[in-house]
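For reference, the structure is listed below as structure tokens.
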Amino acid sequence: MDYGYLLGVIAAMGAVTFALRALPFLSANLLRKSAVIQHLGRFLPLAIMALLLVHSASASAREHATGPWPELIAIVATCLLQWRSRNPLLSIVVGTALYVFLRNWGGA
């Protein structure tokens with residue numbers, strides 16, 4: 001086993017890893033000025049959360065015999081509470097508690 005080769009491979013992997021981690025910090029000024037990046041920064045978080053919501057709710061609804069009703073009721077309640085109160089923590093806690101209640105005790 002050639003130790004020089006192994007040290008070279010480890011050094012190369014370390015350099016590539018460091019460069020990939022440092023690249024966003026080095027290009028931060030250029031990215032802040034980009035209109036595309038600013039648009040994506042406003043649009044993508046909501047889009048990603050919506051996709052995660054749809055994926056999670058559909059997967060959970062397929063696994064249980066009660067169907068999608070607990071998920072849909074909890075989602076609607078969370079959205080309405082967020083719309084009325086503008087308090088994300090309250091909306092998340094109440095929506096989660098309602099979902100757990102409906103999933104465990106609502107159908108029994």
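The values are calculated or read from the model by the stated rules, or taken from the named source; none is laboratory data. This one's a predicted model, so the numbers in the text were calculated from it and none came from an experiment. Don't worry about glycine lacking a Cβ; one is built from the backbone with ideal geometry, like all the others, and counts go over all protein chains shown.
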Among the residues that make up segment 36-58, is at least one of them assigned to a loop (DSSP other than H, G, I, E, B), of a type in the set (S, T, N, Q) and modelled with pLDDT under 90?
no
Pull out all pairs, ordered by first then second residue, where Cβ-Cβ is under 9 Å, the residues are six or more apart or on different chains, the first lies in segment 76-96 and is under 16 Å from Ala57 (Cβ atoms) and not assigned by TED's automatic domain parsing to the domain that holds Leu53, and the second is assigned to a helix (DSSP H, G or I) and of a type in the set (S, T, N, Q).
none
Looking at segment 58-101, which of its residues are surrounded by fewer than 13 Cβ atoms within 10 Å (Cβ to Cβ) and polar (S, T, N, Q)?
Ser58, Ser85, Asn87, Thr96
